[in-house]
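Mind looking over this structure? Questions follow.
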Amino acid sequence: MSMIRKTLCGVSLGGLLVLGAAAPGNLYAQAKGGQSGQEKQSQQQALKSVSGKVSAIGNGGTAFTLEVSGENKKTMDFVVDKNTQVQGQVKAGSAVTVEYQATETGQYLAVSVTAQG
């Protein structure tokens, strides 16, 4: 296993969305955590998707706010965990698509965040 992969696998929850020195506010892709087939199936059933622009990244990179695209302008707050997949460079101002699910506590958990164009 390469040193970079070992580093990504060892990232703590607090450092999930690493703020890069060269481009502050960037989100970097994380190694995918192991999930059983049953967990993936239940997760896919509850997933919703939304697109918009990242307006802020907070809590040491473990949360972000999205300005939702469309007729009804609104913002949504998301949290991330060790299983959140980030594709591409995501920072404040980035257009993204977020697949998410509601948690038992009423928060929106980002399952995947994909930078657009």
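Which one is nearest to the chain's Cα centre (by Cα), of the residues in region 68-117 that are charged (D, E, K, R) and within 16 Å of S49 (Cβ to Cβ)?
So the first thing to find is which residues in region 68-117 are charged (D, E, K, R), and the list is 71, 73-74, 77, 81-82, 91, 99, 104.
Pick out the ones that are also within 16 Å of S49 (Cβ to Cβ) and you get 74, 99.
Values: K74: 19, E99: 9 Å.
Only one residue tops the list, namely E99.
Further, regarding this structure: What are the pairs, 6+ residues apart or on separate chains, where a residue within region 73-91 that is closer than 11 Å to L109 by Cα and β-branched (V, I, T) has its Cβ under 6 Å from a residue that is modelled with pLDDT of 95 or more and surrounded by 15 or more Cβ atoms within 10 Å (Cβ to Cβ)?
Going by the 6 Å Cβ cut-off, the qualifying pairs are V79/A63; V79/L109; V80/A110; T84/A110.
Same structure, new question: Would you check which residues across region 92-117 are in contact (Cβ under 8 Å) with a residue 40 or more places away in the chain and either out of contact with any Leu (no Cβ under 8 Å at 6 or more places or on another chain) or not in a strand (DSSP E or B) (or both) and list them? Can you show your working first?
Filtering region 92-117 down to residues in contact (Cβ under 8 Å) with a residue 40 or more places away in the chain leaves 92-102, 110-111, 113, 116.
Correct list: A92, G93, S94, A95, T97, A110, Q116.
Another question, if that's okay. How many residues does region 70-89 hold that are small (G, A, S) and surrounded by 15 or more Cβ atoms within 10 Å (Cβ to Cβ)? Before the answer, list the steps.
As a first pass, look at region 70-89 and keep what is small (G, A, S): 70, 88.
Applying the additional criterion that residues be surrounded by 15 or more Cβ atoms within 10 Å (Cβ to Cβ) yields 88.
The total comes to 1.
Quick one: is A56 assigned to a loop (DSSP other than H, G, I, E, B), among the aliphatic types (A, V, I, L, M) and more than 9 Å from the chain's Cα centre (by Cα)?
On the way: assigned to a loop (DSSP other than H, G, I, E, B): no; among the aliphatic types (A, V, I, L, M): yes; more than 9 Å from the chain's Cα centre (by Cα): yes.
No, not satisfied.
What do you reckon, is T65 at pLDDT 50 or above, surrounded by 13 or more Cβ atoms within 10 Å (Cβ to Cβ) and β-branched (V, I, T)? If you could, list the steps in order and put the result at the bottom.
Numbers: at pLDDT 50 or above: yes; surrounded by 13 or more Cβ atoms within 10 Å (Cβ to Cβ): yes; β-branched (V, I, T): yes.
Yes, satisfied.
Something else now. So, in region 26-46, of the ones that are exposed (fewer than 14 other Cβ atoms within 10 Å of the Cβ) and part of a loop (DSSP other than H, G, I, E, B), which residue ends up modelled with the highest pLDDT?
Filtering region 26-46 for residues exposed (fewer than 14 other Cβ atoms within 10 Å of the Cβ) gives 32-42, 44-46.
After this cut, where a residue has to be part of a loop (DSSP other than H, G, I, E, B) as well, the list is 32-36.
Details: K32: 40, G33: 47, G34: 50, Q35: 52, S36: 55.
Applying the filter and picking the extreme gives S36.
The values are calculated or read from the model by the stated rules, or taken from the named source; none is laboratory data. All values reported here derive from a predicted model rather than from experimental measurement. A quick note on method: Cβ atoms are made from the backbone with ideal geometry, for glycine too, and the neighbour counts reach across all protein chains shown.
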